[in-house]
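Everything on this sheet refers to the single structure shown next.
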Amino acid sequence: MREPFYRPYASSDYDDLTVLLPLSSLGERSFRNCFFQPDPSARCGAGQVAGQALWAAAQSAQGWRVSALQLSMLRAPRFDEWLEYAVESSGETPHTLTRHVYGVEGLETVSSMHVRFAEPASLLRPTRSSDVAVAFNEFLAAESVARDEAQDGTSSIPFVEIHQSAQTAPSANETGQLRRLVWCRLRHALPLEGVWCSAALAYMAASSVPAAIGVSETADDVHGWNFDTREFSMLFHSGSFDVNDWLLFDSEFLQRNGKQFSFETKVYARSGVHLATSMQTCIERIGFE
């Protein structure tokens, strides 16, 4: 029986997302990495799985752009086990190809993810929002205030600097739910070539940080950051982008059913280009076990 792998992480380990990526190769389409979770209360598990699985899938899709992904989490990964990924081909057309990636700990399947790749020329030109540039200027003007408000949240997701916007607004469907704007940036730059940017963006979006901030402020009976993702999907509107700059995560809550929350997040570059849209369902978890 394989011994669990775990070692304490020093602060220097948090400085580079390459601690998560790339994975070590076990075969042609099999990869492994230790699950990174230095703080059991930090619910970034689905983010790591999404980023790692996407990176693994892209190793057999060189030259293609990530178009979409759909992740199902069967349970939260443990932080003291190797997390292994098996990649299978799930179909190919002249303009798209699909990979299915299973995340496994020991003999137990943790996650299942489909990744669709497209030819770079087939991706549509992303739309642009002029409001984002205005929001970024307001963010810079209030940066010191935002830093103070987000200080606790910043420590809850490794590798990413997070600043809440002071702005909240009624959702477009006028249900009374609030929408939360959160600016995120990697603490250290990643390469722009290959799948690095897409994997890092999936990591940030699936880590539930923008949503958790909003949930804790819109629901009186929700406390802290104790969430587990059940379903996560992401549609990429831009095939090439710079993940190292400030990104705006615009999260809106769609539905609440007891301790289950569903929400949509739109991700924009600082220039206003709409990079991606994600949908996520997460469960509030009692305790940190």
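Tally Lys/Arg at +1 and Asp/Glu at -1 over every other residue whose Cβ is under 10 Å from the Cβ of Arg29; what's the total?
-1
Given H placed 1.01 Å from N in the peptide plane, which residues other than close sequence neighbours of Val273 have an amide H under 5 Å from its amide H?
Under 5 Å from the amide H of Val273 lie the amide H atoms of Ser129, each far enough along the sequence or on another chain.
Counting Lys +1, Arg +1, Asp -1, Glu -1, what net charge surrounds Ser60 among other residues with beta carbon under 9 Å of its beta carbon?
+1
Expressed in nm to one decimal, what extension gain is obtained for the pair Asp80 and Val19 from 0.36 nm per residue of sequence separation less their Cα-Cα distance?
20.4 nm
5 Å is the cut-off here: which amide hydrogens, built 1.01 Å from N in the peptide plane, fall below it relative to Ala68, excluding neighbours closer than 5 in sequence?
Correct list: Arg116, Phe236.
Under a plain spin-label model, where a point goes 7 Å from the Cα along Cα-to-Cβ, how far apart in nm are Gln70 and Glu161?
My value for the distance between the label points is 3.7 nm.
Cβ neighbours within 10 Å, averaged per peptide: list 182-195, 103-116 in order, most packed at the top.
103-116, 182-195
On full extension of the chain, what length is gained from Ser89 through Asp131, given 0.36 nm per residue of separation minus the C-alpha to C-alpha distance?
Gain on stretching Ser89 to Asp131: 11.1 nm.
Figure the gain on full extension for Glu231 and Glu28 (residue separation times 0.36 nm, minus the Cα-Cα span) and round it to one decimal in nm.
70.3 nm
A short reminder: the numbers here are calculations on the coordinates, not readings from a lab. On a predicted model such as this, the values are computed, not experimentally measured, just so you know. Ideal geometry is used to build each Cβ from the backbone, glycine not excepted, and the neighbour counts take in all protein chains shown.
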